[in-house]
Amino acid sequence: MKLPLSFETALSREDLLRLLPEAVGGTSFTDNGDGFRHSADGRGWRICLTPLPERALGLFRWRPLRLDFCFEGFQPAEIESFMARFELYFWRGGG
């Protein structure tokens, strides 16, 4: 299964930050204003946040974020595992 290294979310930055510790498996990270970063033992990851134009569905309005992931020093299988875990924490159902 090939997962994207970029996707959009309707979560606010605050909600994203609340869910992020579990989504990254408890790994320590820093908030650098435009995203989040982790670095240890010559390896690291970065999640860059880009605000997207406001969207609307009837009277409901939201401002989605694009999340772009960059990895250094990780094997493809490790990246795949990280992204699969991350995605599980951000799935939203509708109905």
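Normalised by the number of residues in the chain, what is the relative contact order in percent for Cα pairs under 8 Å and 6+ residues apart? Please list the in-between numbers first.
Working: 127 pairs, mean separation 31.5, N = 95.
Relative contact order here is 33 percent.
What is the dipole size for the chain, taken about its Cα centre, with +1 at each Lys and Arg Cβ and -1 at each Asp and Glu Cβ, in debye to the nearest 20?
Values: 12 positive and 13 negative charges, 60 e Å.
With only Lys, Arg, Asp and Glu charged at Cβ, the dipole is about 280 debye.
Calculate one ³J(HN,Hα) per residue across the range 49-56 by plugging θ = phi - 60° into the Karplus curve 6.51 cos²θ - 1.76 cosθ + 1.60, and present them in order as whole Hz with x for glycine and proline.
In residue order, the calculated couplings are 9, 10, x, 9, x, 4, 10, 9 Hz.
Can you tell which of Leu49, Leu19, Leu57 shows the greatest fluctuation in a Gaussian network model of the chain with Cα springs below 10 Å?
Maximum among the listed residues: Leu57.
Over all pairs of distinct alpha carbons, what does the Kirkwood formula give as the hydrodynamic radius of the chain, in Å? Write out the running numbers ahead of the final one.
Working: mean 1/r = 0.0700 Å⁻¹.
So the Kirkwood estimate lands at 14.3 Å.
Every number in this text was worked out from the coordinates using simple rules, so none of it is lab data. Source: prediction; values computed, not measured. Reconstructed Cβ throughout: ideal geometry from the backbone, glycine too, with neighbour counts over all protein chains shown.
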